[in-house]
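This report concerns only the one structure given below.
The values are calculated or read from the model by the stated rules, or taken from the named source; none is laboratory data. Because the structure is predicted, anything quoted here is derived from the model rather than measured. Please note: Cβ atoms are built from the backbone with ideal geometry, for glycine as well, and neighbour counts cover all protein chains shown. Protein only, heavy atoms only, side chains kept; ligands, DNA and RNA dropped before computing areas. Shrake-Rupley method; radii C 1.70, N 1.55, O 1.52, S 1.80 Å.
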Amino acid sequence: MVSPSNEFREGGSLTLTCSSDANPAAQYSWYKKNGQKPLSNEQQLSFSSIQPSDSGEYYCRAQNKVGRKKSEYTSIDVKYAPKPPSVSVSPSGEITEGTAVTLTCSSDANPAATYVWYKKNSQPLSKNPQLIFSSIQSSDSGQYYCRAVNKLGSKLKSITIDVKYAPKLPSVSVSPSADIVEGSSVTLTCSSDANPAANYTWYKEDEDSPKASGQNFTITDITPEHSGSYSCVAQNNRGHHYSTLQLTASSK
């Protein structure tokens, strides 16, 4: 007889006891299925803190000088809360706006874990191991969390998604914005949402060479000849975009 045969929680204690009617009294040895060496040569096999790796099928062998008998298998199924999840991104490498991206969460657990995906400060986005973006956008950048849960507990894992994208339509402005008088100074400013950050180049209409680089282009001691259409080109390794403005300088 072998007892008990049941489910057990990780970290708990467990004792398997083997008994057999024999004369002379039997000697006992315990084995794990497919194991060659005995785990114990006692009537009892004890686990002071049972682990998931202890799951499996066990049997005992009783023998004396007259013969020996083997018990039926006793199945030990160790239950445990989810281990820290692992999170992967497919495809790997840099994430570009407009591409399909899949986040996958997995955790070793018994019983098997269920999964919930969140974005920071948001409601659940998915209750599946995978969170799928069919066409990821710049607004999808941020920190995401996967929670693996079963009846014994839960574990959380975070991942940061950084979506790369070409510059958006630049915003251009002139300062001061009032009438521009000959001899004064003005600053043209350009800004564009981009990841990675954009580089800026200023051009004047009908001139091939750039007038300046950087977000700000300052013209000092302005003359009517400075009047015209100016373009700001915002560029990064994902592409470029440009906007224009009209500058009019009046004579004193």
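Report the relative contact order of the chain, percent, no decimals, based on alpha-carbon pairs under 8 angstrom and at least 6 residues apart. Don't skip to the end; give the middle numbers.
Values: 624 pairs, mean separation 31.6, N = 252.
With pairs under 8 Å counted, the relative contact order is 13 percent.
Here are some pairs, 164/204; 127/151; 120/155; 83/127; 120/151; 168/211; which of them have Cα atoms lying more than 26 Å apart in this structure?
Details: 164/204 29 Å; 127/151 16 Å; 120/155 16 Å; 83/127 18 Å; 120/151 24 Å; 168/211 22 Å.
Violating the 26 Å Cα-Cα cut-off are 164/204.
With one equal scatterer per alpha carbon and no solvent term, the Debye-computed log10 I(q)/I(0) for the chain at 0.09, 0.10, 0.15 1/Å reads -0.67, -0.73, -1.00. Placing unit charges on the Cβ atoms only, positive for Lys and Arg and negative for Asp and Glu, gives segment 95-187 a dipole magnitude near 780 debye about its Cα centre. Within the assembled protein chains, the solvent-accessible surface assigned to residue 251 is about 80 Å², based on a 1.4 Å probe. When the trypsin sites (Lys or Arg not before Pro) in segment 1-93 are filtered for DSSP coil states and for at most 14 other beta-carbon atoms within 10 Å of their beta-carbon, the remaining sites are 33, 65.
Got a number for carbon plus sulfur as a percent of segment 193-252's accessible area, 1.4 Å probe?
Details: 1480 of 3640 Å².
Roughly 41 percent of what the probe reaches on segment 193-252 is carbon or sulfur.
How large is the convex hull of the C-alpha atoms of segment 192-252 per residue, in Å³?
Details: hull volume 5.3 nm³, N = 61.
Hull volume over Cα atoms, normalised by residue count, gives 87 Å³.
For segment 146-252, the dipole from Cβ point charges (+1 on Lys and Arg, -1 on Asp and Glu) about the Cα centre works out to 1340 debye, to the nearest 20. With θ taken as phi - 60° and the Karplus curve 6.51 cos²θ - 1.76 cosθ + 1.60 applied, the whole-hertz 3J(HN,Hα) list for segment 57-74 is 10, 10, 8, 10, 10, 10, 8, 9, 6, 8, x, 8, 9, 10, 6, 5, 6, 10 Hz, x standing for glycine and proline. Evaluating kT/(6 pi eta Rh) at 25 °C and 0.890 mPa s, with the Kirkwood radius of segment 93-164 over Cα pairs in the Stokes-Einstein relation, gives 192 µm² s⁻¹.
By a 1.4 Å probe calculation restricted to protein chains, residue 160 has an accessible surface near 100 Å², given to the nearest 10.
At a 1.4 Å probe, what is the % contribution of carbon and sulfur to the accessible area of segment 55-94? Intermediate results must be reported in sequence, preceding the final value.
On the way: 1080 of 2350 Å².
It is 46 percent, rounded to a whole number.
Ranking 202, 96, 67 by how far each Cα lies toward the positive end of the dipole of the chain (charges on Cβ) leaves 67 at the top. Counting every pair of alpha carbons in segment 69-117, the share spaced more than 13 Å apart comes to 70 percent. Each residue of segment 160-169 was assigned a 3J(HN,Hα) from its phi angle through the Karplus curve 6.51 cos²θ - 1.76 cosθ + 1.60 (θ = phi - 60°); the sequence is 9, 10, 10, 7, 8, 7, 5, x, 7, 4 Hz, with glycine and proline shown as x. Over the Cα atoms of segment 1-141, the radius of gyration divided by the Kirkwood radius equals 1.29; this is the Rg/Rh ratio. The ratio of the alpha-carbon radius of gyration of segment 128-186 to the globular-protein estimate 2.2 N^0.38 Å is 2.29.
Kindly sort 240, 226 by accessible area of their heavy atoms, largest first, with the probe set to 1.4 Å. Don't jump to the answer; show the numbers that get you there.
On the way: 240 120, 226 55 Å².
Solvent-accessible surface, decreasing: 240, 226.
As a ratio to 2.2 N^0.38 Å, the alpha-carbon radius of gyration computed for segment 111-247 takes the value 1.66. Under a model in which nothing but the beta-carbon of Lys, Arg (+1) and Asp, Glu (-1) is charged, the chain shows a dipole of about 2080 debye around its Cα centre.
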